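Asks: Just dropping this structure here.
The values are calculated or read from the model by the stated rules, or taken from the named source; none is laboratory data. The shown structure was predicted, so the numbers you read here are calculated from the model rather than taken from an experiment. Cβ placement follows ideal geometry from the backbone for every residue including glycine, while neighbour counts extend to all protein chains displayed. Side chains are part of the model used for accessible areas, which takes the heavy atoms of the whole protein and leaves out ligands, DNA and RNA. Shrake-Rupley method; radii C 1.70, N 1.55, O 1.52, S 1.80 Å.
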Amino acid sequence: MSELLYDQIDQLSKLAFHKPQLEEFYKKITLVEIFQVLKDKTNYKQQFYKVVDFISALLEHPNIYKDIITSDQGFFFIENILGHQDKKVRYLIGQCIDQHSHDFIQILEQSIQQPQYLNLYLQAIFYQLVDPESDVGLKQLRVAKKLFKKPSPVMITLITCDMFSNYIIQGLTNKNEIIQLRFVELLIYLSNQDPKITEKYLEQYKIIFNIYKTDDILVKLNMIEIMSEMGNSKATAQLLLSQPFFKDIIKEAFSETVDFYVRKYQVILFSKLLNQRVQNFNPDVEKKINKLLLQWFTQNSQEEIEGALEVIKYLASFSEGLNSLCKNRDLLLQYFQFFRSTKDIFKKKFLSSFIGFFEYDQNVKKQPGQLLWIYSQLGNTTNQISFDIEPSLVHKSTETLMNLLTGPFPDIEQISLELLKNLIIWEDIFKSLIANDKFKPYFIKYSQNKEIYDLKNIILEEIFYLCEKQYKADQYISFVQDLKNQKQQQNMQYEVQFQ
(Lines give C-alpha, C1' and ligand atoms only; values in the text may rest on other atoms or scores of the structure.)
Protein backbone atom coordinates (compact mmCIF):
# COMPACT_ATOMS: atom_id res chain seq x y z
CA MET A 1 0.00 0.00 0.00
CA SER A 2 2.79 2.40 0.93
CA GLU A 3 4.60 1.72 -2.34
CA LEU A 4 1.43 2.27 -4.35
CA LEU A 5 0.87 5.61 -2.65
CA TYR A 6 4.44 6.64 -3.34
CA ASP A 7 3.99 5.82 -7.05
CA GLN A 8 0.95 8.10 -7.13
CA ILE A 9 2.90 10.86 -5.36
CA ASP A 10 5.68 10.39 -7.88
CA GLN A 11 3.21 10.82 -10.74
CA LEU A 12 1.82 13.97 -9.14
CA SER A 13 5.32 15.39 -8.79
CA LYS A 14 5.78 15.06 -12.55
CA LEU A 15 2.72 17.31 -12.88
CA ALA A 16 4.30 19.81 -10.45
CA PHE A 17 1.57 18.88 -7.95
CA HIS A 18 -1.08 20.58 -10.06
CA LYS A 19 -3.81 21.86 -7.72
CA PRO A 20 -6.94 20.08 -9.13
CA GLN A 21 -5.20 16.66 -9.25
CA LEU A 22 -3.61 17.29 -5.84
CA GLU A 23 -6.98 18.10 -4.28
CA GLU A 24 -8.60 15.02 -5.82
CA PHE A 25 -5.80 12.76 -4.57
CA TYR A 26 -5.93 14.27 -1.06
CA LYS A 27 -9.60 13.25 -0.73
CA LYS A 28 -8.66 9.58 -1.25
CA ILE A 29 -5.88 9.25 1.36
CA THR A 30 -5.38 9.77 5.08
CA LEU A 31 -2.67 11.65 6.95
CA VAL A 32 -1.67 8.42 8.65
CA GLU A 33 -0.94 6.91 5.23
CA ILE A 34 1.09 9.96 4.19
CA PHE A 35 3.30 9.74 7.28
CA GLN A 36 3.72 6.01 6.76
CA VAL A 37 5.07 6.65 3.24
CA LEU A 38 7.38 9.32 4.67
CA LYS A 39 8.65 6.88 7.30
CA ASP A 40 9.15 4.06 4.77
CA LYS A 41 11.24 6.33 2.53
CA THR A 42 13.49 7.61 5.33
CA ASN A 43 16.53 5.71 4.03
CA TYR A 44 15.94 6.66 0.39
CA LYS A 45 16.93 10.30 0.26
CA GLN A 46 15.57 11.26 -3.17
CA GLN A 47 12.25 9.52 -2.62
CA PHE A 48 12.00 10.84 0.95
CA TYR A 49 12.31 14.47 -0.18
CA LYS A 50 9.79 13.87 -2.95
CA VAL A 51 7.28 12.94 -0.24
CA VAL A 52 8.34 16.06 1.70
CA ASP A 53 7.66 18.15 -1.42
CA PHE A 54 4.25 16.51 -1.67
CA ILE A 55 3.39 17.50 1.93
CA SER A 56 4.70 20.98 1.19
CA ALA A 57 2.36 21.19 -1.82
CA LEU A 58 -0.57 20.15 0.38
CA LEU A 59 0.24 22.94 2.80
CA GLU A 60 0.57 25.47 -0.02
CA HIS A 61 -2.94 24.64 -1.27
CA PRO A 62 -5.37 27.30 0.06
CA ASN A 63 -8.11 24.77 0.86
CA ILE A 64 -6.16 21.67 1.87
CA TYR A 65 -3.91 23.32 4.46
CA LYS A 66 -6.93 24.81 6.25
CA ASP A 67 -8.74 21.47 6.22
CA ILE A 68 -5.70 19.85 7.80
CA ILE A 69 -4.93 22.29 10.61
CA THR A 70 -8.47 23.27 11.64
CA SER A 71 -9.83 19.74 11.99
CA ASP A 72 -9.19 17.09 14.62
CA GLN A 73 -6.50 15.55 12.40
CA GLY A 74 -4.55 18.79 12.80
CA PHE A 75 -3.29 17.57 16.18
CA PHE A 76 -1.85 14.39 14.67
CA PHE A 77 -0.40 16.26 11.71
CA ILE A 78 1.29 19.14 13.56
CA GLU A 79 2.72 16.93 16.30
CA ASN A 80 4.23 14.55 13.74
CA ILE A 81 5.70 17.37 11.69
CA LEU A 82 7.18 19.27 14.64
CA GLY A 83 8.64 16.12 16.17
CA HIS A 84 10.35 14.91 12.99
CA GLN A 85 14.12 14.40 12.94
CA ASP A 86 14.57 16.11 9.54
CA LYS A 87 14.73 19.90 9.80
CA LYS A 88 13.16 20.42 6.36
CA VAL A 89 10.13 18.46 7.54
CA ARG A 90 10.00 20.38 10.83
CA TYR A 91 9.97 23.70 9.03
CA LEU A 92 6.99 22.76 6.82
CA ILE A 93 4.66 24.21 9.46
CA GLY A 94 6.58 27.48 9.65
CA GLN A 95 6.56 27.65 5.87
CA CYS A 96 2.80 27.05 5.83
CA ILE A 97 2.16 29.80 8.41
CA ASP A 98 4.35 32.18 6.42
CA GLN A 99 2.52 31.49 3.14
CA HIS A 100 -0.94 31.82 4.69
CA SER A 101 -0.13 34.40 7.38
CA HIS A 102 -3.28 36.46 6.87
CA ASP A 103 -5.50 33.39 7.16
CA PHE A 104 -3.50 32.04 10.09
CA ILE A 105 -3.97 35.29 12.03
CA GLN A 106 -7.74 34.83 11.66
CA ILE A 107 -7.47 31.18 12.71
CA LEU A 108 -5.50 32.24 15.81
CA GLU A 109 -8.02 34.91 16.73
CA GLN A 110 -10.93 32.49 16.34
CA SER A 111 -9.20 29.88 18.52
CA ILE A 112 -9.10 32.12 21.61
CA GLN A 113 -12.36 30.54 22.78
CA GLN A 114 -11.01 27.04 22.06
CA PRO A 115 -7.98 26.54 24.37
CA GLN A 116 -7.12 23.13 22.95
CA TYR A 117 -6.77 24.49 19.42
CA LEU A 118 -5.10 27.69 20.60
CA ASN A 119 -2.43 25.66 22.37
CA LEU A 120 -1.90 23.57 19.22
CA TYR A 121 -1.36 26.67 17.07
CA LEU A 122 0.94 28.26 19.65
CA GLN A 123 2.95 25.03 19.63
CA ALA A 124 3.21 25.38 15.84
CA ILE A 125 4.67 28.87 16.33
CA PHE A 126 6.87 28.40 19.39
CA TYR A 127 8.15 24.84 18.98
CA GLN A 128 10.36 25.89 16.09
CA LEU A 129 11.66 28.93 17.97
CA VAL A 130 13.41 26.47 20.29
CA ASP A 131 14.67 24.35 17.39
CA PRO A 132 18.37 23.51 17.82
CA GLU A 133 19.00 24.31 14.14
CA SER A 134 19.76 28.05 13.87
CA ASP A 135 18.33 28.45 10.37
CA VAL A 136 15.01 26.87 11.42
CA GLY A 137 14.81 29.03 14.56
CA LEU A 138 15.65 32.28 12.77
CA LYS A 139 13.18 31.60 9.96
CA GLN A 140 10.47 30.97 12.52
CA LEU A 141 11.37 34.17 14.38
CA ARG A 142 10.78 36.09 11.14
CA VAL A 143 7.43 34.30 10.69
CA ALA A 144 6.38 35.09 14.28
CA LYS A 145 7.18 38.78 13.76
CA LYS A 146 5.11 38.75 10.57
CA LEU A 147 2.12 37.28 12.44
CA PHE A 148 2.21 39.76 15.30
CA LYS A 149 2.98 42.95 13.38
CA LYS A 150 0.41 45.68 14.18
CA PRO A 151 -1.82 43.29 16.14
CA SER A 152 -5.57 43.78 16.33
CA PRO A 153 -7.24 44.20 19.78
CA VAL A 154 -8.13 40.49 19.65
CA MET A 155 -4.52 39.56 18.89
CA ILE A 156 -3.28 41.79 21.75
CA THR A 157 -5.61 39.87 24.06
CA LEU A 158 -4.07 36.63 22.78
CA ILE A 159 -0.47 37.89 23.19
CA THR A 160 -1.17 38.93 26.78
CA CYS A 161 -3.00 35.74 27.83
CA ASP A 162 -1.37 33.29 30.26
CA MET A 163 -1.02 30.48 27.72
CA PHE A 164 0.98 32.73 25.39
CA SER A 165 3.12 34.19 28.21
CA ASN A 166 4.00 30.69 29.44
CA TYR A 167 5.64 29.96 26.08
CA ILE A 168 7.55 33.27 26.29
CA ILE A 169 8.79 32.47 29.81
CA GLN A 170 9.90 28.97 28.75
CA GLY A 171 11.90 30.48 25.91
CA LEU A 172 13.50 33.21 28.05
CA THR A 173 14.60 30.67 30.64
CA ASN A 174 15.88 28.09 28.13
CA LYS A 175 19.37 26.88 29.01
CA ASN A 176 20.55 27.44 25.43
CA GLU A 177 21.65 31.10 25.18
CA ILE A 178 21.00 31.23 21.42
CA ILE A 179 17.37 30.20 21.98
CA GLN A 180 17.09 32.69 24.85
CA LEU A 181 18.18 35.48 22.53
CA ARG A 182 15.48 34.57 19.98
CA PHE A 183 12.84 35.02 22.66
CA VAL A 184 14.40 38.25 23.91
CA GLU A 185 14.16 39.60 20.36
CA LEU A 186 10.57 38.41 19.96
CA LEU A 187 9.40 39.86 23.29
CA ILE A 188 10.95 43.27 22.54
CA TYR A 189 9.33 43.19 19.08
CA LEU A 190 5.93 42.33 20.61
CA SER A 191 6.28 45.04 23.26
CA ASN A 192 6.97 47.65 20.59
CA GLN A 193 3.58 46.90 19.05
CA ASP A 194 1.47 48.11 21.98
CA PRO A 195 2.05 49.48 25.54
CA LYS A 196 -0.38 46.88 26.94
CA ILE A 197 2.03 44.15 25.87
CA THR A 198 4.95 45.95 27.55
CA GLU A 199 2.90 46.24 30.73
CA LYS A 200 2.00 42.54 30.70
CA TYR A 201 5.62 41.39 30.48
CA LEU A 202 7.33 43.71 33.00
CA GLU A 203 8.37 40.73 35.14
CA GLN A 204 9.85 38.95 32.12
CA TYR A 205 11.98 42.01 31.34
CA LYS A 206 13.84 41.34 34.59
CA ILE A 207 15.06 38.12 32.93
CA ILE A 208 16.13 40.10 29.84
CA PHE A 209 18.06 42.66 31.88
CA ASN A 210 19.80 39.90 33.85
CA ILE A 211 20.93 38.29 30.58
CA TYR A 212 22.38 41.68 29.52
CA LYS A 213 24.47 41.87 32.71
CA THR A 214 26.45 38.78 31.71
CA ASP A 215 30.27 38.85 31.57
CA ASP A 216 30.17 36.91 28.29
CA ILE A 217 31.19 39.53 25.69
CA LEU A 218 29.51 37.65 22.79
CA VAL A 219 26.19 37.39 24.62
CA LYS A 220 26.44 41.05 25.68
CA LEU A 221 27.17 42.11 22.10
CA ASN A 222 24.11 40.20 20.83
CA MET A 223 22.02 41.60 23.67
CA ILE A 224 22.87 45.26 23.01
CA GLU A 225 22.07 44.74 19.33
CA ILE A 226 18.68 43.25 20.21
CA MET A 227 18.02 45.76 23.01
CA SER A 228 18.63 48.65 20.61
CA GLU A 229 15.15 47.73 19.33
CA MET A 230 13.76 48.94 22.68
CA GLY A 231 14.12 52.43 21.24
CA ASN A 232 11.38 51.69 18.68
CA SER A 233 8.52 52.60 21.03
CA LYS A 234 8.12 55.05 23.90
CA ALA A 235 6.92 52.38 26.36
CA THR A 236 9.95 50.10 25.95
CA ALA A 237 12.31 53.11 25.76
CA GLN A 238 11.06 54.40 29.11
CA LEU A 239 11.33 50.92 30.59
CA LEU A 240 14.99 50.77 29.56
CA LEU A 241 15.65 54.27 30.91
CA SER A 242 14.41 53.18 34.33
CA GLN A 243 17.17 50.59 34.65
CA PRO A 244 20.20 51.49 36.83
CA PHE A 245 22.66 50.21 34.18
CA PHE A 246 21.26 52.51 31.48
CA LYS A 247 23.61 55.39 32.34
CA ASP A 248 26.55 53.06 31.65
CA ILE A 249 25.19 52.33 28.16
CA ILE A 250 25.19 56.03 27.28
CA LYS A 251 28.59 56.57 28.88
CA GLU A 252 30.11 53.70 26.89
CA ALA A 253 28.48 54.85 23.64
CA PHE A 254 30.85 57.81 23.38
CA SER A 255 33.92 56.12 24.85
CA GLU A 256 36.62 55.06 22.40
CA THR A 257 37.90 52.43 24.84
CA VAL A 258 34.74 50.31 24.40
CA ASP A 259 34.55 47.64 21.68
CA PHE A 260 33.25 49.26 18.47
CA TYR A 261 30.52 46.67 17.86
CA VAL A 262 29.08 47.32 21.33
CA ARG A 263 29.32 51.11 20.84
CA LYS A 264 27.67 50.93 17.43
CA TYR A 265 24.42 49.56 18.83
CA GLN A 266 24.62 51.76 21.92
CA VAL A 267 24.77 54.85 19.70
CA ILE A 268 21.94 53.52 17.49
CA LEU A 269 19.88 52.91 20.64
CA PHE A 270 20.65 56.43 21.88
CA SER A 271 19.58 57.97 18.56
CA LYS A 272 16.29 56.06 18.80
CA LEU A 273 15.75 57.37 22.34
CA LEU A 274 16.33 60.90 21.07
CA ASN A 275 13.76 60.23 18.36
CA GLN A 276 11.27 58.98 20.99
CA ARG A 277 11.89 62.25 22.91
CA VAL A 278 12.82 60.40 26.09
CA GLN A 279 16.36 61.85 25.92
CA ASN A 280 17.23 65.51 25.38
CA PHE A 281 19.00 66.62 22.22
CA ASN A 282 21.14 69.34 23.81
CA PRO A 283 24.22 71.10 22.32
CA ASP A 284 26.61 68.71 24.06
CA VAL A 285 24.82 65.65 22.63
CA GLU A 286 24.68 67.27 19.19
CA LYS A 287 28.42 67.96 19.26
CA LYS A 288 29.28 64.40 20.35
CA ILE A 289 27.04 62.75 17.73
CA ASN A 290 28.23 64.97 14.85
CA LYS A 291 31.87 64.27 15.74
CA LEU A 292 31.18 60.52 15.92
CA LEU A 293 29.29 60.46 12.60
CA LEU A 294 32.07 62.26 10.73
CA GLN A 295 34.61 59.93 12.30
CA TRP A 296 32.66 56.82 11.26
CA PHE A 297 32.11 58.12 7.72
CA THR A 298 35.82 58.76 7.19
CA GLN A 299 37.18 55.50 8.65
CA ASN A 300 36.55 53.55 5.41
CA SER A 301 35.06 50.71 7.47
CA GLN A 302 31.80 49.16 6.26
CA GLU A 303 30.53 48.55 9.82
CA GLU A 304 31.18 52.15 10.87
CA ILE A 305 29.64 53.60 7.70
CA GLU A 306 26.54 51.43 8.08
CA GLY A 307 26.30 52.45 11.75
CA ALA A 308 26.47 56.15 10.85
CA LEU A 309 23.80 55.77 8.15
CA GLU A 310 21.44 54.09 10.60
CA VAL A 311 21.99 56.74 13.28
CA ILE A 312 21.15 59.48 10.75
CA LYS A 313 17.86 57.74 9.94
CA TYR A 314 16.67 58.29 13.52
CA LEU A 315 18.18 61.77 13.92
CA ALA A 316 16.37 62.91 10.77
CA SER A 317 13.02 61.70 12.13
CA PHE A 318 12.63 64.48 14.76
CA SER A 319 12.82 68.21 14.15
CA GLU A 320 15.91 69.13 16.21
CA GLY A 321 17.88 66.26 14.74
CA LEU A 322 16.73 67.14 11.22
CA ASN A 323 17.70 70.80 11.68
CA SER A 324 21.10 69.79 13.02
CA LEU A 325 21.78 67.54 10.03
CA CYS A 326 20.64 70.14 7.48
CA LYS A 327 22.98 72.82 8.81
CA ASN A 328 25.98 70.48 8.93
CA ARG A 329 27.01 70.64 5.25
CA ASP A 330 30.30 68.77 5.78
CA LEU A 331 28.39 65.84 7.24
CA LEU A 332 25.76 65.92 4.48
CA LEU A 333 28.47 65.91 1.83
CA GLN A 334 29.89 62.73 3.34
CA TYR A 335 26.39 61.30 3.71
CA PHE A 336 25.27 61.71 0.10
CA GLN A 337 28.44 60.18 -1.32
CA PHE A 338 27.14 56.78 -0.20
CA PHE A 339 24.08 57.17 -2.41
CA ARG A 340 26.46 57.51 -5.36
CA SER A 341 28.60 54.60 -4.16
CA THR A 342 29.30 51.76 -6.59
CA LYS A 343 28.71 49.34 -3.71
CA ASP A 344 25.06 48.26 -3.60
CA ILE A 345 25.21 47.66 0.15
CA PHE A 346 25.95 51.35 0.76
CA LYS A 347 23.27 52.50 -1.68
CA LYS A 348 20.67 50.31 0.04
CA LYS A 349 21.72 51.44 3.50
CA PHE A 350 21.62 55.07 2.36
CA LEU A 351 18.09 54.72 0.94
CA SER A 352 16.91 53.05 4.14
CA SER A 353 18.46 55.90 6.12
CA PHE A 354 17.07 58.62 3.82
CA ILE A 355 13.53 57.41 4.62
CA GLY A 356 13.90 58.96 8.09
CA PHE A 357 13.99 62.52 6.72
CA PHE A 358 10.47 62.17 5.32
CA GLU A 359 8.73 60.27 8.11
CA TYR A 360 5.51 62.00 9.08
CA ASP A 361 4.42 62.46 12.68
CA GLN A 362 1.73 64.98 13.55
CA ASN A 363 3.63 65.78 16.75
CA VAL A 364 6.87 66.58 14.88
CA LYS A 365 7.14 69.87 13.00
CA LYS A 366 9.07 69.56 9.75
CA GLN A 367 9.37 72.37 7.23
CA PRO A 368 8.19 71.24 3.75
CA GLY A 369 10.73 73.57 2.10
CA GLN A 370 13.56 72.00 4.06
CA LEU A 371 12.43 68.52 3.03
CA LEU A 372 12.16 69.56 -0.63
CA TRP A 373 15.72 70.92 -0.39
CA ILE A 374 17.12 67.70 1.12
CA TYR A 375 15.19 65.66 -1.48
CA SER A 376 16.73 67.76 -4.27
CA GLN A 377 20.20 66.66 -3.18
CA LEU A 378 19.48 63.17 -4.56
CA GLY A 379 19.92 64.65 -8.01
CA ASN A 380 23.05 66.57 -7.10
CA THR A 381 26.04 64.84 -8.69
CA THR A 382 28.60 67.50 -7.73
CA ASN A 383 30.97 67.26 -4.81
CA GLN A 384 29.23 70.06 -2.96
CA ILE A 385 25.88 70.65 -1.32
CA SER A 386 23.56 73.08 -3.07
CA PHE A 387 22.37 75.87 -0.76
CA ASP A 388 19.12 76.60 -2.61
CA ILE A 389 16.15 74.60 -3.88
CA GLU A 390 16.90 74.30 -7.56
CA PRO A 391 13.95 73.09 -9.71
CA SER A 392 16.36 71.30 -12.05
CA LEU A 393 17.76 69.30 -9.10
CA VAL A 394 14.25 68.44 -7.86
CA HIS A 395 13.41 67.15 -11.34
CA LYS A 396 16.68 65.23 -11.51
CA SER A 397 16.06 63.71 -8.06
CA THR A 398 12.67 62.42 -9.20
CA GLU A 399 14.19 61.01 -12.37
CA THR A 400 16.88 59.31 -10.26
CA LEU A 401 14.27 57.78 -7.96
CA MET A 402 12.17 56.53 -10.88
CA ASN A 403 15.26 54.89 -12.38
CA LEU A 404 15.74 53.01 -9.10
CA LEU A 405 12.10 51.90 -9.08
CA THR A 406 12.17 50.71 -12.70
CA GLY A 407 15.64 49.16 -12.49
CA PRO A 408 16.48 45.43 -12.55
CA PHE A 409 17.15 45.00 -8.81
CA PRO A 410 14.10 44.01 -6.66
CA ASP A 411 15.83 44.79 -3.35
CA ILE A 412 16.66 48.34 -4.50
CA GLU A 413 13.12 48.72 -5.88
CA GLN A 414 11.56 47.65 -2.58
CA ILE A 415 13.62 50.08 -0.47
CA SER A 416 12.90 52.85 -2.99
CA LEU A 417 9.17 52.09 -2.64
CA GLU A 418 9.47 52.40 1.14
CA LEU A 419 11.06 55.81 0.56
CA LEU A 420 8.36 56.77 -1.93
CA LYS A 421 5.67 55.88 0.63
CA ASN A 422 7.02 58.68 2.83
CA LEU A 423 7.75 61.13 0.01
CA ILE A 424 4.17 61.31 -1.30
CA ILE A 425 3.00 62.76 2.03
CA TRP A 426 4.82 66.02 1.22
CA GLU A 427 2.88 67.87 -1.48
CA ASP A 428 5.78 69.77 -3.09
CA ILE A 429 7.62 66.47 -3.62
CA PHE A 430 4.43 64.71 -4.71
CA LYS A 431 3.94 67.30 -7.47
CA SER A 432 7.36 66.48 -8.87
CA LEU A 433 6.70 62.74 -8.69
CA ILE A 434 3.39 62.70 -10.58
CA ALA A 435 4.80 65.05 -13.21
CA ASN A 436 7.37 62.43 -14.15
CA ASP A 437 6.53 60.42 -17.28
CA LYS A 438 7.55 57.13 -15.63
CA PHE A 439 5.44 57.51 -12.48
CA LYS A 440 2.02 56.47 -13.79
CA PRO A 441 3.25 53.59 -16.03
CA TYR A 442 5.25 52.22 -13.09
CA PHE A 443 2.16 51.90 -10.88
CA ILE A 444 0.02 50.54 -13.68
CA LYS A 445 2.50 47.77 -14.49
CA TYR A 446 1.84 44.43 -12.78
CA SER A 447 4.59 43.23 -10.39
CA GLN A 448 5.42 39.53 -10.11
CA ASN A 449 7.20 40.03 -6.76
CA LYS A 450 4.44 39.73 -4.12
CA GLU A 451 6.06 42.06 -1.56
CA ILE A 452 6.55 44.75 -4.20
CA TYR A 453 3.04 44.14 -5.57
CA ASP A 454 1.51 44.58 -2.09
CA LEU A 455 3.60 47.66 -1.33
CA LYS A 456 2.65 49.31 -4.62
CA ASN A 457 -1.03 48.74 -3.84
CA ILE A 458 -0.64 50.26 -0.38
CA ILE A 459 1.01 53.33 -1.92
CA LEU A 460 -1.68 53.56 -4.60
CA GLU A 461 -4.40 53.62 -1.94
CA GLU A 462 -2.50 56.37 -0.12
CA ILE A 463 -2.16 58.34 -3.37
CA PHE A 464 -5.92 58.04 -3.98
CA TYR A 465 -6.65 59.23 -0.44
CA LEU A 466 -4.23 62.17 -0.59
CA CYS A 467 -5.51 63.40 -3.95
CA GLU A 468 -9.21 62.98 -3.20
CA LYS A 469 -9.36 63.87 0.50
CA GLN A 470 -6.33 66.00 1.34
CA TYR A 471 -4.82 67.82 -1.64
CA LYS A 472 -8.16 67.99 -3.55
CA ALA A 473 -6.95 70.29 -6.38
CA ASP A 474 -8.44 69.58 -9.84
CA GLN A 475 -5.07 68.46 -11.21
CA TYR A 476 -4.86 65.74 -8.53
CA ILE A 477 -8.45 64.55 -9.00
CA SER A 478 -7.84 64.30 -12.75
CA PHE A 479 -4.54 62.47 -12.19
CA VAL A 480 -6.13 59.91 -9.87
CA GLN A 481 -9.11 59.27 -12.12
CA ASP A 482 -6.83 58.63 -15.08
CA LEU A 483 -4.58 56.40 -12.99
CA LYS A 484 -7.56 54.37 -11.73
CA ASN A 485 -8.92 53.89 -15.25
CA GLN A 486 -5.60 52.78 -16.68
CA LYS A 487 -4.97 50.47 -13.71
CA GLN A 488 -8.40 48.87 -14.13
CA GLN A 489 -7.79 48.29 -17.85
CA GLN A 490 -4.41 46.73 -17.11
CA ASN A 491 -5.94 44.41 -14.49
CA MET A 492 -8.62 43.27 -16.93
CA GLN A 493 -6.02 42.53 -19.60
CA TYR A 494 -3.99 40.55 -17.10
CA GLU A 495 -7.01 38.48 -16.04
CA VAL A 496 -7.91 37.66 -19.65
CA GLN A 497 -4.31 36.68 -20.38
CA PHE A 498 -4.23 34.13 -17.56
CA GLN A 499 -7.72 32.68 -17.84
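Asks: Pull out a ≥ b ≥ c, the square roots of the eigenvalues of the alpha-carbon gyration tensor of segment 325-432, then state rounded if a/c is under 1.5, prolate if not and a/b is larger than b/c, and oblate in the remaining case.
Replies: Details: a/c = 1.39, a/b = 1.13, b/c = 1.23.
Since a/c stays below 1.5, the shape of segment 325-432 is classed as rounded.
Asks: Per the Debye formula with a single identical scatterer at each Cα and no solvent contribution, what log10 I(q)/I(0) holds for segment 220-274 at q = 0.15, 0.26, 0.27, 0.29 Å⁻¹?
Replies: Rounded to two decimals, the profile gives -0.35, -1.05, -1.13, -1.27.
Asks: Follow-up question, since we're still on this one. Using C-alpha positions alone, give me the convex hull volume of segment 79-223 per residue in cubic angstrom. Don't skip to the answer; put the middle values down first.
Replies: Working: hull volume 15.2 nm³, N = 145.
Convex hull volume per residue, Cα atoms: 105 Å³.
Asks: Where the centre of each part is set by its Cα atoms, how far does segment 264-287 sit from segment 162-230, in angstrom?
Replies: Centre-to-centre distance over Cα atoms comes out at 23 Å.
Asks: Okay, next question. Sort 335-341, 226-232, 404-410 by packing, meaning the average of other beta carbons within 10 Å per residue, with the highest value first. All intermediate terms of the calculation are to be shown ahead of the outcome.
Replies: Numbers: 335-341: 17.7, 226-232: 21.7, 404-410: 13.4.
So the peptides 335-341, 226-232, 404-410, ranked by packing, come out 226-232, 335-341, 404-410.
Asks: In square nanometres, what is the average projected area of the Cα convex hull of segment 265-308?
Replies: 2.9
Asks: How do 267-273, 210-216 rank on mean C-beta neighbours within 10 Å, highest first?
Replies: 267-273, 210-216
Asks: What three numbers, in Å, describe the spread of the alpha carbons of segment 1-149 along their principal axes, ordered from the longest?
Replies: 42, 31, 24
Asks: Turning to a different aspect of this structure: What per residue convex hull volume, in Å³, comes out for segment 415-482 when only alpha-carbon positions are used? Before the final figure, lay out each step's value.
Replies: Numbers: hull volume 5.5 nm³, N = 68.
Hull volume over Cα atoms, normalised by residue count, gives 81 Å³.
Asks: Run a plain Debye calculation on segment 135-288 (Cα atoms as equal point scatterers, no solvent) and give log10 I(q)/I(0) at q = 0.14, 0.19, 0.21 Å⁻¹, rounded to two decimals, same order as the q list.
Replies: -0.70, -1.23, -1.45
Asks: Restricting the calculation to Cα positions, tell me the Rg (one decimal) and the Dmax (whole number) of the chain in Å.
Replies: Final numbers for Rg and Dmax: 25.9, 79 Å.
Asks: Hey, another quick one. Relative contact order of the chain: what whole-number percent is it, with Cα pairs under 8 angstrom and at least 6 residues apart?
Replies: Working: 472 pairs, mean separation 29.7, N = 499.
About 6 percent, as a whole number.
Asks: Which distance in Å, rounded to a whole number, links the C-alpha centroids of segment 317-336 and segment 425-481?
Replies: Each part's Cα centre sits 28 Å from the other's.
Asks: Oh, and also: Classify segment 31-94: rounded, prolate or oblate, from the alpha-carbon gyration tensor (a ≥ b ≥ c, eigenvalue square roots; a/c under 1.5 rounded; otherwise prolate if a/b is larger than b/c)? If you can, show how the numbers build up before the last one.
Replies: Values: a/c = 1.76, a/b = 1.57, b/c = 1.12.
Cα axes put segment 31-94 in the prolate bin.
Asks: Stretched out fully, how many nm does the piece from Q384 to L241 gain, at 0.36 nm a residue minus the Cα gap?
Replies: Working: separation 143, 0.36 × 143 = 51.48 nm, distance 3.98 nm.
Taking 0.36 nm per residue and subtracting the Cα distance, the gain is 47.5 nm.
Asks: Could you order T160, T381, T198, T70 so the one with the most accessible surface comes first? Probe is 1.4 Å. Walk me through the numbers before you get to the answer.
Replies: Working: T160 35, T381 90, T198 5, T70 65 Å².
From most accessible down to least: T381, T70, T160, T198.
Asks: Please report the carbon-and-sulfur percent of the accessible area for segment 344-494; probe 1.4 Å, protein heavy atoms only, DNA, RNA and ligands left out.
Replies: 48
Asks: Still on this structure, please answer the following. What does the C-alpha gyration tensor say about the overall shape of segment 141-191? Classify as rounded when a/c is under 1.5, otherwise prolate if a/b is larger than b/c, or oblate. Mind dumping the intermediate values first?
Replies: On the way: a/c = 2.90, a/b = 1.54, b/c = 1.89.
Here segment 141-191 falls in the oblate category.
Asks: Moving on. Between Rg and the Kirkwood Rh of segment 344-498, both from Cα atoms, what is the Rg to Rh ratio? Numbers along the way, then the final one.
Replies: Values: Rg = 15.9 Å, Rh = 16.5 Å.
Rg divided by Rh gives 0.97.
Asks: Another one. Calculate for the chain the 222 nm mean residue ellipticity that helices alone would give, adding -39,500 (n - 2.57) per DSSP H run of length 4 or more and normalising by residue count, nearest 500 deg cm²/dmol.
Replies: Numbers: 32 runs with 356 residues, N = 499.
Counting only the DSSP helices, I get -21500 deg cm²/dmol.
Asks: Additional query: List, largest first, the extents of the alpha carbons of segment 264-367 along their principal axes, each in whole Å.
Replies: Dimensions of segment 264-367 along the principal axes of its Cα atoms: 37, 26, 24 Å.
Asks: Now a separate question. How large is log10 of I(q)/I(0) for segment 198-340 at q = 0.10, 0.12, 0.15, 0.18 Å⁻¹ when the intensity is taken from the Debye formula with one equal scatterer per alpha-carbon?
Replies: Treating every Cα as an identical point scatterer, log10 I(q)/I(0) equals -0.34, -0.49, -0.75, -1.05.
Asks: Take every Cα pair under 8 Å in segment 124-189 that's 6+ residues apart, average their separations, divide by the length, and report that relative contact order as a whole percent. Present the calculation step by step, with values, prior to reporting the outcome.
Replies: Values: 43 pairs, mean separation 23.1, N = 66.
RCO, segment 124-189: 35 percent.
Asks: Next question. What percent does the relative contact order of segment 361-499 come to when contacts are Cα pairs within less than 8 Å and at least six residues apart? Intermediate values should be presented prior to the final figure.
Replies: Numbers: 102 pairs, mean separation 23.8, N = 139.
Relative contact order here is 17 percent.
Asks: Tell me, what is the per residue accessible area of the chain in Å², probe radius 1.4 Å? If you can, show how the numbers build up before the last one.
Replies: Values: 24560 Å² over 499 residues.
In whole numbers, the chain has 49 Å² accessible per residue.
Asks: With a 1.4 Å probe and all protein chains kept in place, how much accessible area does L221 have, in Å² rounded to the nearest 10?
Replies: 40
Asks: Further question on the same structure: Carbon and sulfur: what percent of segment 194-240's accessible surface (1.4 Å probe)? Show your work: numbers first, answer last.
Replies: Values: 1140 of 2240 Å².
Reported share for carbon and sulfur atoms: 51 percent.
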